[in-house]
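**Q** Quick one: this structure, given as structure tokens, is what I'll be asking you about.
Quick note: the coordinates plus some simple rules give every number you see, no bench work behind them. Treat the numbers as computed from the prediction; the structure is a model and nothing was measured. Every residue, glycine as well, gets a Cβ built from its backbone with ideal geometry; the counts of neighbours run over all protein chains shown.
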Amino acid sequence: MQRLKGQKALITGASSGIGRGIAIAMAKEGAQVGINYYKNLEGAEETLKQVEANGGEGIILQANVGDPEEVEGMFKKFLDAFGTIDIMVTNAGIQKDAPFLEMDFKDWQQVLNINLSGQFLCAQFAAKEFIKRGVVKDRSKAAGKIICMSSVHDIIPWAGHINYATSKGGVMMMMKTMAQELAHHKIRVNAISPGAIKTPINEEVWQNEEKRKELLELIPYQRIGKPKDIGNTAVWLASDESDYVNGTTIYVDGCMTLYPGFIGNG
Ligand SMILES: NC(=O)c1ccc[n+]([C@@H]2O[C@H](COP(=O)([O-])OP(=O)(O)OC[C@H]3O[C@@H](n4cnc5c(N)ncnc54)[C@H](O)[C@@H]3O)[C@@H](O)[C@H]2O)c1
């Protein structure tokens with residue numbers, strides 16, 4: 001039986017990487033998916049192609065998640081197409097790296113705006129829609145599910161990436177506060193914190209054998225993660241199987257957070 005049959009899921013930043021992995025994994029489990037992209041239409045079309053190849057159904061939605069008006073427009077189109085929303089995955093994110101002393105304020109603001117405020121905006125729109133649908137009679141079902149994309153850097157500081165690590169630390173506390181405020185509406189809010197997943201965001205690592213080896217050293221489980229690893233976790237968090245899981249973070253990181261050099265950092 002498909003675990004998300006008939007559910008409507010909106011996934012931001014689904015034109016590549018982890019977002020694409022989640023869209024495909026959810027579509028395989030019967031969800032209809034909204035594939036949000038910002039600039040990469042070709043990537044969004046590829047995601048849709050893979051969703052359909054897996055027997056799923058999806059629509060493509062352009063929006064900058066850091067812009068309230070564009071987010072509102074995206075929700076309107078999603079609701080026009082699917083009628084309602086069951087699952088919100090706030091996944092879109094960027095990196096603009098520099099050491100603290102050299103970081104440009106614009107880069108600080110842009111990363112915070114997309115990685116943190118963008119997740120806030122999409123989660124808030126989704127939660128309002130979930131609440132509009134009213135009381136859920138079946139106690140073993142949520143009225144809606146929000147999955148935030150965090151990172152192991154929500155607990156591990158990351159020199160040279162202060163804006164990114166700060167945004168993810170913020171995502172963790174935002175997720176927990178949303179879960180507290182929304183639990184009585186039977187809305188579940190959780191986060192996934194990936195370790196090192198092979199996607200375009202860390203392209204420079206995959207291009208450089210030395211850097212790849214260094215990264216692998218930090219992963220006790222000795223393999224780099226795949227978007228599918230995160231997709232499978234997101235499916236579980238969105239399904240009724242995890243109905244009692246609320247306000248928590250799942251680290252999908254091959255034990256990276258337990259790398260001895262990191263212990264005590266968190
Ligand atoms: N890859 C990893 O190792 C890793 C580890 C931890 C967390 N993450 C998180 O996973 C999420 C997805 O990253 P990824 O690794 O798949 O990289 P990615 O670059 O493939 O995906 C990021 C997506 O966000 C989209 N995006 C960027 N700005 C946007 C905006 N303003 N509005 C809408 N969409 C926008 C991009 O177009 C892209 O599709 C991010 O939040 C990232 O921080 C990734």
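**Q** With θ taken as phi - 60° and the coefficients 6.51, -1.76 and 1.60, list the Karplus ³J(HN,Hα) couplings across the stretch 15-28 in order, rounded to whole Hz; mark glycine and proline as x.
**A** 8, 6, x, 5, x, 5, x, 5, 4, 5, 4, 6, 5, 4
**Q** How tilted is helix 227-238 with respect to the longest principal axis of the chain? Cα atoms for both, answer in degrees (0 to 90, nearest 10).
**A** For helix 227-238, the angle is close to 40 degrees.
**Q** Filter 28/145; 76/96; 76/106; 39/211; 132/168; 96/145 down to the pairs with a C-alpha to C-alpha distance above 23 Å, please.
**A** Pairs exceeding 23 Å: 76/96; 76/106; 39/211; 132/168; 96/145.
**Q** Averaged across orientations, what area in nm² does the convex hull of the alpha carbons in the chain project?
**A** Answer in nm², one decimal: 14.1.
**Q** Short version: ³J(HN,Hα) in whole Hz for each residue of the stretch 197-204, in order, from phi by Karplus 6.51 cos²θ - 1.76 cosθ + 1.60 (θ = phi - 60°), x for Gly and Pro, what are they?
**A** 10, 6, 8, x, 5, 10, 3, 5
**Q** Ordered by packing density, taken as the mean number of other Cβ atoms within 10 Å over each peptide's residues, highest first, how do 234-244, 48-58, 29-39 rank?
**A** Descending mean neighbour count gives 29-39, 234-244, 48-58.
**Q** Still on this structure, please answer the following. Using a 10 Å cut-off on Cβ atoms, rank the peptides 140-152, 177-189 from the highest mean neighbour count down.
**A** 140-152, 177-189
**Q** Which far-off residues, 5 or more places away or on another chain, put their amide H under 5 Å from the one on residue 146, with H placed in the peptide plane?
**A** 88, 188, 189, 190
**Q** In nm, what is the difference between 0.36 nm times the number of residues separating residue 102 and residue 133 and their Cα-Cα distance?
**A** 6.4 nm
**Q** Another one. Using packing as a proxy for protection, rank 107-115, 9-17 so that the peptide with the highest average count of other Cβ atoms within 10 Å comes first.
**A** Packing proxy ranking, top to bottom: 9-17, 107-115.
**Q** While we're looking at this one, here's another question. Could you pull out every residue, at least 5 positions away or on a different chain, whose amide H is within less than 5 Å of the one on residue 57? Hs are placed 1.01 Å off N in the peptide plane, and Pro or chain starts have none.
**A** 33
**Q** Once both labels are modelled 7 Å past Cα along the beta-carbon direction, what's the residue 223-residue 211 spacing in nm?
**A** Placing both labels 7 Å beyond Cα along the Cβ direction yields 2.4 nm.
**Q** Just how far, in whole angstrom, is the stretch 194-232 from the stretch 235-266 if you go by their alpha carbon centroids?
**A** Centre-to-centre (Cα) distance: 17 Å.
**Q** Another question, if that's okay. Could you calculate the contour length gain from residue 243 to residue 79, that is, 0.36 nm times the residue separation minus the distance between their Cα atoms, to one decimal place in nm?
**A** 56.6 nm
**Q** Go through 53, 256, 2 and say which Cα lies farthest out towards the positive end of the charge dipole of the chain; charges sit on Cβ, +1 for Lys and Arg, -1 for Asp and Glu.
**A** Checked the options; the winner is 2.
**Q** A follow-up question, please. Got the relative contact order for the chain handy, in percent, Cα pairs under 8 Å and 6 or more residues apart?
**A** 20 percent
**Q** Something else now. Tell me, what ³J(HN,Hα) does each residue in the stretch 124-139 have, in order and in whole Hz, if you take phi through Karplus 6.51 cos²θ - 1.76 cosθ + 1.60 with θ = phi - 60° and put x for Gly and Pro?
**A** Once θ is set to phi - 60°, the couplings for the stretch 124-139 become 5, 4, 5, 4, 4, 5, 4, 5, 4, 6, x, 5, 9, 6, 6, 5 Hz.
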